[in-house]
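This report concerns only the one structure given below.
The values are calculated or read from the model by the stated rules, or taken from the named source; none is laboratory data. Model, not experiment: these values are computed from the prediction. Glycine also receives a Cβ, built like all others from the backbone with ideal geometry; neighbour counts cover every protein chain displayed. Quick note on the areas: whole protein, heavy atoms, side chains included, nothing else; ligands and nucleic acids left out. Shrake-Rupley method; radii C 1.70, N 1.55, O 1.52, S 1.80 Å.
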Amino acid sequence: MTTCIDLFSGAGGFSTGARMAGLDVVWAANHWPAAVKVHAANHPDAIHVCQDLFQADWTKVPKHDVLAGSPCCQGHSRARGKDRPHHDASRSTAWALVSAAEFHRPSTVTVENVIEFSNWALFPAWCAALEALGYTLSAEVLDASRFGVPQIRKRLFIVGTRGKKPFDFYGLGNDEQRPISDVLELDSGDWRPWDPAARKKAGIRPLVAATMERILAGRKQFGDKTYWIPYFSANRRAWGIDQPIWTITTRDRYALVQGDMFRFLSVNEIRRAMGFPADYCLTGNRKTDIMLLGNAVVPQVAAQLFKRLAAA
């Protein structure tokens, strides 16, 4: 069986995709204990290490065919705001992939990150380092909404293969877009009134003006039908649940409005919108789970990549 290791394993999206494609995940690492605990609960057969990968001893990592990794994206993402010193440390995590590849020389290196990863000042040098190790690199921006997931999530995937033949992305991601309604559980969740008077009566602080503006815009457009709004956004529109939602992030980003009631997406809805099975184990802490899921690789995208690699 083809073996795989998962660097920056997080919630385990790459590993879940690998397993869906028939790969054996033998080793996984992350610096965050909560992430390692979640990964271990869902992938118990793998060896787990909780450490900064700059300190990794690659001699203790099992031999493998596929090296998968999603290095820290915060230093690259537009959401980081003003560039700060700790973003340099965040961006530099990508070099751990080069270090691991240099020691083990697996047949394939697969990397996922935000699109802005390619704008990194050291991105050409990073690519050159992998090419110097004998890898031919191919890159493509893939949208999870074309892989059976009801979420518009565009991410950069880079595949390095040993030898001169590049990985062929052609034909990946041809599914019809699914609506977010496919994963919603409208009869459950922490529904609360959005009307200022009703919230005051219930002892709940009022929603901010921008949120109310989106809700009222939705009421005008959708009436009593259920719709969703971005909670942190300059966009003042509301959106129907008959289309995919935007990119799931590491914090509560989207809310549902149903008649006079309002709530955020539940963890289970987010888990399913990210493409994880409904029974995929998480921590039970909402804030932690949303952070884990928002940082994850969508398993279905990874699975198609790995299946294509296996067929090559």
(message) Counting only helical runs of four or more DSSP H residues, what would the 222 nm mean residue ellipticity of the chain come to if each run contributes -39,500 (n - 2.57) and the total is spread over all its residues?
(response) -9000 deg cm²/dmol
(request) Give me the distance in nm between label points sitting 7 Å out from Cα along the Cα-to-Cβ direction at ALA197 and ALA139, one decimal. (result) 5.6 nm
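Could you give the accessible area per residue of the chain, probe 1.4 Å, as a whole number in Å²?
47 Å²
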(request) Please report the Cα spread of segment 173-256 along all three principal axes, rounded to whole Å, starting with the longest. (result) 49, 29, 29
(request) Please name which of LEU137, ALA198, PHE222 has its Cα lying farthest along the dipole of segment 131-230 towards the positive end, using unit charges on Cβ (Lys, Arg +1; Asp, Glu -1) and the Cα centre as origin. (result) ALA198
(message) Ignoring ligands, DNA and RNA, please state the percent of accessible area on segment 203-255 from carbon and sulfur, probe 1.4 Å.
(response) 52 percent
(message) Strictly over 26 Å apart at the Cα level, which of LYS63/LYS287; LYS37/LYS60; LYS63/LYS164; LYS164/LYS307; LYS63/LYS307; LYS154/LYS307 would you flag in this model?
(response) LYS63/LYS287
(request) Take the alpha carbon atoms of segment 189-268, find their center, do the same for segment 1-79, and report the distance between the two centers in whole angstrom. (result) 35 Å
(request) Put one equal scatterer on each alpha carbon of the chain, apply the Debye formula with no solvent term, and list log10 I(q)/I(0) at q = 0.11, 0.15 1/Å to two decimals. (result) -0.70, -1.18
(request) Return the single residue from THR93, THR59, THR288 with maximal mean-square fluctuation; model: Gaussian network over the chain, springs between Cα atoms under 10 Å. (result) THR59
(request) State the answer as a single residue: which of GLY275, LEU265, MET212 lies farthest towards the positive end of the charge dipole of the chain, with beta carbon charges of +1 for Lys and Arg and -1 for Asp and Glu, about the Cα centre. (result) MET212
(request) Would you kindly compute the Cα radius of gyration of segment 120-226 and its largest Cα-Cα separation (Dmax), both in Å? (result) 23.3, 68
(message) Can you compute log10 of I(q)/I(0) for segment 225-312 with the Debye formula, treating each Cα as one identical point scatterer, at q = 0.17, 0.23, 0.26 Å⁻¹?
(response) -0.78, -1.17, -1.33
(request) Quickly work out the ASP252-to-GLU102 label distance, labels modelled 7 Å from Cα along the C-beta direction, and quote it in nm with one decimal. (result) 4.6 nm
(message) Could you tell me the relative contact order of segment 175-312? Use alpha-carbon pairs under 8 Å, at least six residues apart, and round to a whole percent.
(response) 24 percent
(message) Sorting check: for 295-304, 43-52, 155-164, 4-13, which peptide has the highest mean count of neighbouring beta carbons within 10 Å, and how do the rest follow?
(response) 4-13, 295-304, 155-164, 43-52
(request) Could I have the simple spin-label model distance between GLN177 and ALA210, label points 7 Å from Cα toward Cβ, reported in nm to one decimal? (result) 2.3 nm
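Relative to the present Cα-Cα distance, how much length would full extension add between LEU186 and ASN235 at 0.36 nm per residue of separation? The partial results should precede the final answer.
Working: separation 49, 0.36 × 49 = 17.64 nm, distance 2.40 nm.
That pair, LEU186 and ASN235, stretches by 15.2 nm at full extension.
Would you mind calculating the relative contact order of the chain from Cα pairs under 8 angstrom and at least 6 residues apart, reporting the percent as a whole number?
In percent, rounded to a whole number, it is 19.
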(request) Could you bin all the Cα-Cα distances of segment 168-307 into 10 Å bins starting at 0 and give me the percent of pairs in each, rounded to whole numbers? (result) 11, 38, 33, 14, 4, 1
(request) Could you quote the convex hull projected area for segment 88-158, Cα atoms only and averaged over all directions, in nm²? (result) 5.4 nm²
